[in-house]
Amino acid sequence: MEQSQPRPILILVGLFLIALAVRGIYFVELSHLPYFDIVLPVYDHFNFDQGALNFAAGDLLARSPNNSYSPLYKYFLGSIYYLFGRNFYAVYGLQFFMGALGSVFLFLIGKRLFDARVGFLAFAGFSLYSTEIIYEGIILRAAFITFLTIVSFYALIRLRDSPTSLMLIGCALILSLFFQSRPNTFLCLPFVILYVHKYVFKDWGPEERMRGWGLFLIPLFLSFIPLLVQCFLVHDKFVFFDSSGPIAFTAGNFIDYPGVGFDTNLLKHFQKQHQMEGLSPLSFIFQQVMSDPAGFLKMLWRKLYFYFNDLEGASNLSIYLYLENSKILPFLFSHFALFSALGLMGIVLSIQGRERVFLLYAYLVCMILSVVLFHVVSRFRIPSAPFLILFSAYAVGRVCTWWGHRQFKPIAVFALVFLILFYGLRAPEGHVKIRYVDYCNWSYAYMAEEKWFDVDKAETYGIKCLETERMGGSGWGVVNATMASIYKLYGSYLIKQQDESAEKVLRNAFSVDPFDSELYRMYSDFQAGRNKTGSAIRHLHISHVADKKDATPMKTLVQLYYKNKSDPGRLLVALRVVLPMEKDPIIVQQLKDEIHRLEGLLASKKQWVNTSAEKARKLFSKGEWSEALKEYKKLNAYNASDARLLVEQGAVYENLKEEEKALDSFYDALLIARNNPNLNKSLGNYYLSVGDPVLAVLHWKQYLETSAPENDFSLINKRYQVFSRKLRMKNFEKQIFGLSEEQSRDLYKVYQNMNVELGP
């Protein structure tokens with residue numbers, strides 16, 4: 001008898017170690033991914049991280065860039081930072097420990113509410129549930145809330161069996177943490193009160209009940225005060241733990257809401273379209289219900305469907321990328337639809353014993369409603385997973401009982417219903433599992449720190465990012481900037497190595513982002529290194545077209561023109577462009593002095609220029625191209641104001657079949673007449689004719705921005721849209737292959753010096 005006593009403890013320890021071992025294997029995998037210790041400077045995990053750091057540093061209010069969320073998790077995280085420093089091994093180690101412990105508690109709950117078999121099955125389902133394990137390895141409060149949900153539930157069912165004073169106070173404090181983790185959990189409070197009244201105080205007398213409610217409610221509500229005070233001090237007004245409720249509510253409650261995800265842009269578009277900007281959440285809902293009640297009900301049904309659906313709606317980070325980067329997780333339970341189908345069947349099968357599982361029903365319904373009332377995303381619904389798993393375990397337990405009694409008919413019906421539900425709840429093919437921004441973030445993660453620097457992997461995820469964005473047709477955006485930055489970085493490195501493949505890499509970058517001024521400047525440097533001065537000058541001009549506020553290309557151009565003393569006209573034009581961009585007063589004065597000197601020189605040549613222009617134009621009209629060119633070249637050397645003369649010079653070059661020199665003349669003209677729409681339109685059309693849609697798109701964009709609507713405005717706009725879309729749909733071959741460790745270090749130094757911004 002004495003030997004058999006420790007067995008329950010040993011079983012619990014054994015279960016805990018099994019759950020921990022699974023998480024330990026994944027922990028090792030996670031430690032080899034950049035997201036192990038890289039916290040993106042956006043999204044919730046950054047705010048939790050910053051708030052925790054501030055708390056550890058002495059800020060008792062744990063302030064962060066965004067304080068709209070309940071601060072409990074920041075204090076949890078901050079306590080770890082205070083004890084161990086910003087140590088992610090400690091953070092994830094503790095969260096994995098809590099996940100394993102939660103698995104054991106779920107076993108105990110299943111055993112207490114049903115039987116040991118259900119308890120073991122529930123333990124297996126939760127301890128091997130990949131989504132839960134993933135969230136335990138992320139700085140988000142999803143797994144933290146899930147753990148508190150399980151523990152608070154266990155505390156309540158234990159309270160029913162042993163309602164002592166100590167248990168009442170302890171249960172109240174545990175529930176307090178649960179409620180403060182996220183305010184939507186307060187939906188459970190009325191059912192908790194009812195449960196305590198009906199099952200805990202069932203046989204108590206009036207005085208005993210009064211004392212019991214005091215021991216339970218007073219600690220419960222008093223424990224709210226510290227966080228409520230924190231929220232008041234941070235927000236300068238009363239905030240019930242979380243101020244993000246209104247936007248979260250409206251973002252998931254408009255008729256066009258797709259049923260899953262969080263997209264404020266979609267919400268803003270809907271509000272603008274239906275003239276509902278500035279309405280309070282309740283007024284916003286009321287107007288929709290009144291205008292289209294059927295549409296609003298359909299939207300609610302979509303949310304309920306997607307709640308039980310297999311699709312893990314992304315918010316902050318996509319769990320699918322974690323699954324892709326793990327060898328163990330895909331072999332675990334990774335389908336929410338499995339627990340949805342079995343759980344719904346378990347709910348129906350357990351209806352006869354509803355008195356026993358009243359609290360289980362209540363918790364699950366509240367967890368579901370707390371999400372469906374707002375918006376459906378993976379990390380919001382994870383706290384309901386333990387209860388769906390419990391009902392799933394019960395359903396499987398019933399099947400085992402039927403099998404033992406050779407009752408094959410109910411098994412067949414069960415199997416049929418399960419298959420219908422499981423396949424009916426599969427993720428729809430039309431929905432994107434991994435968003436372009438998720439790939440973009442992973443691309444960024446491999447560039448952010450030297451420890452993880454891997455431009456090959458950054459490119460791999462960047463290309464996936466591009467492909468996913470283009471399928472969605474979201475247009476140019478941060479994706480393009482990220483990919484262009486990767487190619488810009490690698491191209492810069494190759495230029496320094498005098499590698500001819502730099503040209504191919506940079507051309508890919510042009511296709512990704514034709515409006516990046518720095519890319520054209522880099523290409524100019526590349527061409528200059530190959531002694532192609534004409535092309536180098538032309539791409540500096542193009543760089544200036546891409547970004548007229550960037551002074552660097554013009555400063556470089558000035559240096560090149562100084563080398564050519566026979567062209568003071570071009571030098572003067574370039575200096576005039578640079579002058580308003582220069583901030584240093586000493587350099588400004590030097591520029592003014594030089595401009596004054598050149599203006600005097602050109603003024604002395606003005607009459608001669610006018611005379612030469614007449615002569616050049618006469619030769620032009622006669623088609624005497626060579627002679628005309630001589631005159632144009634001489635007069636344009638001292639021409640800093642008449643773009644037409646440079647255009648005519650370019651036309652002469654065209655007739656002489658010297659296309660590159662013609663382009664040089666046109667860009668010189670464009671520098672004088674910076675807002676001339678016809679020049680940009682003509683250059684765009686020219687580049688299209690020679691098969692260069694990148695530069696065509698760049699110049700058409702300038703034309704559309706500087707031109708008033710003309711007869712051909714719509715035609716150019718259509719061309720611009722068509723070829724922009726074609727560029728976005730361009731398939732890119734991988735340009736970057738595995739670099740040596742030394743090359744990666746060198747490349748990271750280039751990256752730091754470039755100060756490139758990647759990611760959203």
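A few points about this structure:
- Ranked by the mean number of other Cβ atoms within 10 Å of their residues, highest first, the peptides 103-110, 166-173 fall in the order 103-110, 166-173.
- Cβ-defined net charge surrounding Ser152, 14 Å radius [Lys, Arg +1; Asp, Glu -1]: +3
- Rounded to whole Å, the principal axis extents of the Cα atoms in segment 245-308 read 32, 22, 20, largest first.
- Normalised alpha carbon radius of gyration of segment 158-290 [divisor 2.2 N^0.38 Å]: 1.44
- Highest to lowest packing among 442-451, 139-148, 292-301, scored as the average C-beta count within 10 Å: 139-148, 442-451, 292-301
- The residues packed around Cys366, meaning those with a beta-carbon under 13 Å from its beta-carbon, carry a net charge of +2 if Lys and Arg are +1 and Asp and Glu are -1.
- Each Lys and Arg contributes +1 and each Asp and Glu -1, all at the Cβ; summed about the Cα centre of segment 236-382, the dipole is approximately 220 debye.
- In the chain, helical runs assigned H by DSSP with n ≥ 4 each contribute -39500 (n - 2.57); averaged across all residues and rounded to the nearest 500, the mean residue ellipticity at 222 nm is -22500 deg cm²/dmol.
- What separates the Cα centres of segment 1-70 and segment 402-432 is a distance of 35 Å.
- Förster-model FRET efficiency, 41 Å R0, Arg674 and Met729, C-beta, rounded to 0.05: 0.80
- With the cut-off at under 14 Å, measuring from each backbone N in segment 94-121 to a point 7 Å along the Cα-to-Cβ line of Ile11 picks out 104-121.
- Full extension of the chain between Glu355 and Gln559 yields a length gain of 64.8 nm, computed as 0.36 nm times the residue separation minus the alpha carbon distance.
- Screening the chain for DSSP H helices whose Cα atoms reach 30 Å or more along their own axis and whose mean Kyte hydropathy is at least 0.5 gives 7-30, 88-113.
- Restraint check, Lys532/Lys630; Lys488/Lys681; Lys532/Lys657; Lys549/Lys634, Cα-Cα greater than 25 Å: Lys488/Lys681; Lys549/Lys634
- Ordering Trp608, Trp204 from the fewest to the most neighbouring beta carbons within 10 Å gives Trp608, Trp204.
- Exceeding the 25 Å Cα-Cα cut-off - candidates Lys303/Lys433; Lys268/Lys433; Lys726/Lys749: Lys726/Lys749
- Of [x] 116, 58, 56; [y] 88, 78, 48; [z] 92, 74, 54, the label for Cα extents along the principal axes in Å derived from the coordinates: [x]
- Cα centroids of segment 714-737 and segment 591-625: 41 Å apart.
- Mean-position separation - Cα centroids, segment 475-537 and segment 312-329, in angstrom: 33 Å
- Using a Förster distance of 41 Å, the FRET efficiency for Asn717-Val289 (Cβ separation, nearest 0.05): 0.50
- Modelled FRET efficiency - R0 25 Å, Asn655 with Glu614, Cβ distances, 0.05 increments: 0.80
- Inter-label distance for Val28 and Gln407, nm, one decimal - labels placed 7 Å from Cα along Cα-to-Cβ: 4.5 nm
Only the coordinates and a few stated rules stand behind these numbers; no lab work does. All figures in this text were calculated on a predicted structure; none of them were measured in a lab. Counting neighbours? That spans all protein chains shown, and the Cβs are built from the backbone with ideal geometry, glycine included.
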